[in-house]
Amino acid sequence: MSVVSYEIIDGVGVIRLNNPPVNALSYALREGIIDAVNAAQADASRALVIVCDGRTFVAGADITEFGKPAREPSTTTVIATIEQSAKLVVAAIHGTALGGGFELALACHYRCALSSAKVGLPEVKLGLLPGAGGTQRAPRLAGVDAALELITSGNAISASKALSLNLIDRVVDDELLAAAVSYAVELADAGAELKKVRDISIDPATAPAELFDKWRKTVGKKARGQTAPLLIIDCVAAAVTLPMDEGLVQERAHFTSCVSSPQSAAMRHLFFAERASAKIKGLAKDTAVREVKSVGIIGGGTMGGGIAMNFANVGIAVTILEVSGEALQRGLDLVRKNYGITVSKGKLSEQQMNDCLALIDGTTDYEGLCDVDMIIEAAFENLEVKQQIFAKLDAVCKPGAILATNTSYQDVDQIAAATSRPEDVVGMHFFSPANVMKLLEVVRGEKSSPVTVNTAMKIAKTINKIPALAGVCYGFIGNRMFRNYIAETQRCLIGGGTPEQIDNAMQQWGMAMGPLSVNDLSGIDISYAARQTQTQEQKGEPACYAIPDALVEMGRKGQKTGAGYYRYDAKTRAKSSDPIAMEVVEAMAAKHGVERRPISDEEIQNRVIYALINEGAKILEDGIAQRPSDIDVVFTNGYAFPVFRGGPMHYADAVGIKKVYDSICSYRDQFGEAIWKPSALLAQLASEGKTFNQWGQERE
Ligand code: T1G
């Protein structure tokens with residue numbers, strides 16, 4: 001079936017694109033558009049409209065084609081063909097016109113969009129930049145500042161915003177094709193010019209060099225090691241100083257360097273990984289999903305309140321249960337305060353806030369939850385407490401209600417065993433702040449039914465989370481691996497590093513914040529408290545927690561006490577080195593017989609990251625994660641792992657499995673098997689010359 005069809009309506013040639021699921025600009029579509037535009041030049045049509053079938057206008061280049069040999073015609077040829085058309089071309093936009101799709105629309109002479117449509121240039125989220133004229137045409141229409149915001153953020157904007165920026169010429173509420181055809185007739189009747197964006201020049205006075213310097217500073221800080229964002233600024237600057245065709249040449253050169261970069265390969269990997277992680281392997285296609293129209297949250301603390309906001313934000317009624325009226329009021333006040341902050345940042349209107357708050361209610365009586373469709377327990381992280389709660393829920397909740405626990409590492413099977421309906425019990429592990437963090441680790445218990453798991457995974461998408469399915473083990477996927485990351489950080493610290501060196505090394509590597517600064521921010525006492533109820537095996541070897549224990553016992557719990565691994569200014573919270581922390585490090589090294597030695601940044605980076613990878617491989621061996629890319633989704637969406645590294649497992653493939661394995665074996669020889677037991681899967685892949693990606697694909 002051809003992905004492009006053509007008909008003349010009211011004297012207008014309608015080029016209809018149909019390449020499901022998102023009309024990606026794949027080779028066949030490119031060829032079809034060029035043929036249609038060229039053919040129309042000779043027919044009776046007075047003007048042309050490009051419209052798409054399905055749920056959206058062209059959502060960009062076909063990302064699956066990147067990294068493969070390029071096939072002509074290219075997107076730039078499609079763009080030039082449309083722009084050079086002797087008959088005016090109107091783009092009729094619905095859904096999301098993104099990337100190459102929006103560039104195609106910018107090559108049309110006029111653009112008409114549904115009011116519900118969105119447009120954008122999200123290439124930067126794939127480690128790329130617009131490669132088909134977007135960096136040259138967008139600033140010509142919207143101005144340099146607005147274009148830089150659009151392209152460096154990669155965020156889509158509404159049709160009304162695009163109209164205000166001249167990126168769209170007309171917005172209609174419905175009947176898009178009819179509206180676009182009559183718009184084309186109107187333009188043809190009026191003898192409207194072929195408005196080519198390329199002919200618009202930018203007044204250099206509106207874009208002085210300082211403006212670009214300001215953007216480089218802001219974007220450079222946020223981009224943290226990513227190359228594409230800064231290249232975008234260079235391209236837009238070229239749109240001001242160079243003629244269109246020279247600007248396009250520069251854009252193409254930067255695009256080509258990005259598309260073949262490891263950063264873009266990593267971010268494209270994550271694009272598909274985030275879509276794959278929602279799929280449950282081996283689940284029958286007809287597995288039901290229970291309807292969730294109401295949710296009960298046990299516990300109105302920071303996590304409970306944040307979880308409640310996710311559901312209210314998408315129109316689902318929530319009832320928060322607390323042990324007392326005071327505690328409940330505190331919880332509801334916290335939610336109102338959080339919404340207030342979002343409104344003050346202009347990300348939500350007052351009305352939207354009130355609509356959400358109207359959906360959030362409270363109770364101190366379990367009977368108040370007897371009719372809800374789903375429960376999410378977010379109470380104190382203690383197994384006995386959670387078992388008591390689930391026993392009560394079992395007694396009051398209606399048959400078929402999903403009973404979920406937000407535990408970060410407790411045994412979901414033991415929690416389920418406290419009920420008579422373990423098949424309805426599942427883990428739904430949110431990350432703090434729960435109304436912000438995208439990741440939702442869904443934990444499948446031994447007796448969780450396929451319907452229960454399927455419902456939890458689907459509701460994740462409803463509340464705009466990215467789900468990843470985990471099996472039951474201590475810490476599931478994320479925390480089990482993160483524990484090794486922290487333990488190896490501590491070994492590097494007690495073994496010869498300093499807090500500054502370790503944090504700088506990991507920031508250089510791409511982490512938004514170093515592990516010890518993160519510990520100070522979240523509170524060193526949190527993990528200290530958890531260790532008090534852990535077994536020795538769960539705690540690990542003393543050298544890995546001797547320093548944080550000593551700091552906490554000195555009252556140094558981190559930012560909240562003004563001191564931890566660093567000292568913090570009481571007013572500004574500015575961080576500074578603190579010799580006392582180093583005294584503690586040296587004292588604990590002496591106490592545990594650790595001989596400190598100089599340690600390089602590279603050794604720190606490799607040991608800390610390879611500790612993650614090794615444990616990730618063991619998690620795959622144990623079947624705790626469905627696929628390697630799920631682990632990448634967990635770490636880039638839950639633990640601030642740099643997206644341009646693609647996640648721990650993708651990074652291992654990029655570095656080379658053999659190299660990673662050999663390094664881990666050398667650490668085993670240095671530090672012992674108790675700490676560095678190489679994963680059997682890693683050994684197998686190293687000997688077979690395979691990657692995690694290949695291993696994962698073979699099992700998909
Ligand atoms: N190429 C290939 N496949 C794509 C695709 C694309 N551009 N976009 C989506 N898919 C697949 C996706 O993998 C999934 O497959 C299915 O479509 C549904 O997607 C030259 C260089 C459009 C907002 O970055 O943001 O143009 O899992 O689950 O939630 O300058 O998809 O079913 O097998 O995400 O409704 C720029 C990417 C490309 C937009 C729809 N464009 N797409 O969201 O569905 S680079 C983008 C999206 C470029 C030019 C450059 C979203 C969406 P499967 P989905 P959704």
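For region 415-428, the criterion of being within 19 Å of the chain's Cα centre (by Cα) and within 24 Å of L283 (Cα to Cα) is satisfied by at least one residue.
Residue-by-condition table, conditions (1) within 30 Å of A276 (Cα to Cα); (2) hydrophobic (A, V, I, L, M, F, W, C):
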residue	(1), (2)
G471	yes, no
S527	no, no
P542	no, no
L551	no, yes
G555	no, no
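Applying the condition of being near the ligand (Cβ under 10 Å from one of its atoms) and surrounded by fewer than 20 Cβ atoms within 10 Å (Cβ to Cβ) to region 64-89 and asking which residue is nearest to R198 (Cα to Cα) yields T76. Only one of the numbered conditions (1) at pLDDT 95 or above; (2) part of a loop (DSSP other than H, G, I, E, B); (3) touching a Gly at 6+ places or on another chain (Cβ under 7 Å) is not met by S2, and that is (1).
Can you say whether G689 is over 22 Å from the mean Cα position of the chain (by Cα) and of a type outside the set (S, T, Y), as far as the supplied structure shows? The answer is yes for G689. Please enumerate the residues belonging to region 104-119 that are within 16 Å of the ligand (Cβ to nearest atom) and surrounded by fewer than 24 Cβ atoms within 10 Å (Cβ to Cβ). Those that are within 16 Å of the ligand (Cβ to nearest atom) and surrounded by fewer than 24 Cβ atoms within 10 Å (Cβ to Cβ): L114, S116, K118. Meeting the requirement of 1 or more residues that are small (G, A, S) and closer than 30 Å to R645 by Cα, the helices (runs of 4 or more DSSP H) wholly within region 109-206 are 134-142, 144-153. Among the residues making up region 27-62, those that are buried (at least 17 other Cβ atoms within 10 Å of the Cβ), within 12 Å of the ligand (Cβ to nearest atom) and not acidic (D, E) are L29, R30, C52, T56, F57, V58, A59, G60, A61. Only one entry of A92, A156, A138 meets the criterion of being within 30 Å of the chain's Cα centre (by Cα), within 14 Å of the ligand (Cβ to nearest atom), among the small types (G, A, S) and under 20 Å from V22 (Cβ atoms), and that entry is A156.
Residues in region 383-415 that are in a helix (DSSP H, G or I), closer than 16 Å to Y474 by Cβ, of a type outside the set (V, I, T) and out of contact with any Leu (no Cβ under 8 Å at 6 or more places or on another chain): L383, K386, D413. The residue of region 665-681 that is surrounded by the most Cβ atoms within 10 Å (Cβ to Cβ), among those that are small (G, A, S) and closer than 16 Å to G616 by Cα, is S679. When P122 is tested against (1) within 11 Å of the ligand (Cβ to nearest atom); (2) buried (at least 24 other Cβ atoms within 10 Å of the Cβ); (3) under 20 Å from P20 (Cα atoms); (4) touching a residue at least 60 places away in the same chain (Cβ under 8 Å), exactly one condition is not met: (2).
For region 331-373, taking the residues that are surrounded by fewer than 18 Cβ atoms within 10 Å (Cβ to Cβ) and of a type in the set (G, A, S), the one that is farthest from L321 (Cα to Cα) is identified as G346. Which residues, counting only those in region 549-565, are among the hydroxyl-bearing types (S, T, Y) and out of contact with any helix residue (DSSP H, G or I) (no Cβ under 6 Å at 6 or more places or on another chain)? Scanning region 549-565 gives a single hit, T561. Considering only residues that are within 15 Å of the ligand (Cβ to nearest atom) and not hydroxyl-bearing (S, T, Y), which ones fall in region 141-153? Correct list: A147, L150, I151. Scanning region 516-535 finds no residues that are over 29 Å from G647 (Cα atoms), crowded, with 17+ Cβ neighbours inside 10 Å and touching an Asp or Glu at 6+ places or on another chain (Cβ under 7 Å). Put simply, of V289, V249 the only residue that is on the phi < 0 side of the Ramachandran plot and assigned to a helix (DSSP H, G or I) is V249. Taken over region 4-27, the criterion of being within 29 Å of E186 (Cβ to Cβ), over 25 Å from the mean Cα position of the chain (by Cα) and touching a residue at least 40 places away in the same chain (Cβ under 8 Å) is satisfied by I9, D10, G11, V12, G13, V14, L17.
Take F482 and decide whether it is of a type in the set (F, W, Y), more than 20 Å from R567 (Cβ to Cβ) and surrounded by 24 or more Cβ atoms within 10 Å (Cβ to Cβ). For F482, the condition - of a type in the set (F, W, Y), more than 20 Å from R567 (Cβ to Cβ) and surrounded by 24 or more Cβ atoms within 10 Å (Cβ to Cβ) - is not met. A460 passes every criterion in (1) surrounded by fewer than 19 Cβ atoms within 10 Å (Cβ to Cβ); (2) over 11 Å from V425 (Cα atoms) apart from (1). Filtering T241, T227 for residues that are in contact (Cβ under 8 Å) with a residue 12 or more places away in the chain and more than 16 Å from the ligand (Cβ to nearest atom) leaves a single hit, T241.
Going through (1) in contact with a Gly (Cβ under 9 Å, 6 or more places away or on another chain); (2) at pLDDT below 95; (3) in a helix (DSSP H, G or I); (4) not aromatic (F, W, Y) one by one, A570 falls short only on (3). Can you confirm whether V219 is modelled with pLDDT of 95 or more and within 32 Å of the chain's Cα centre (by Cα)? When the stated conditions are applied, V219 passes them. Annotation: of all residues in region 525-549 being β-branched (V, I, T) and part of a helix (DSSP H, G or I), the one that is modelled with the lowest pLDDT is I526. Just one of the listed residues (G101, G127) is within 12 Å of the ligand (Cβ to nearest atom), closer than 16 Å to R252 by Cα and either of a type in the set (D, E) or crowded, with 20+ Cβ neighbours inside 10 Å (or both), namely G127.
Entry remark, region 259-271: residues being within 13 Å of the ligand (Cβ to nearest atom) and in a helix (DSSP H, G or I) number 7 in total. For region 272-279, the condition of being more than 30 Å from L231 (Cβ to Cβ), at pLDDT 95 or above and within 16 Å of the ligand (Cβ to nearest atom) holds for at least one residue.
The values are calculated or read from the model by the stated rules, or taken from the named source; none is laboratory data. Every value quoted in this text rests on a predicted model; they were computed, and no experiment measured them. Cβ sites come from the backbone with ideal geometry, for glycine too, and all protein chains shown count toward neighbours.
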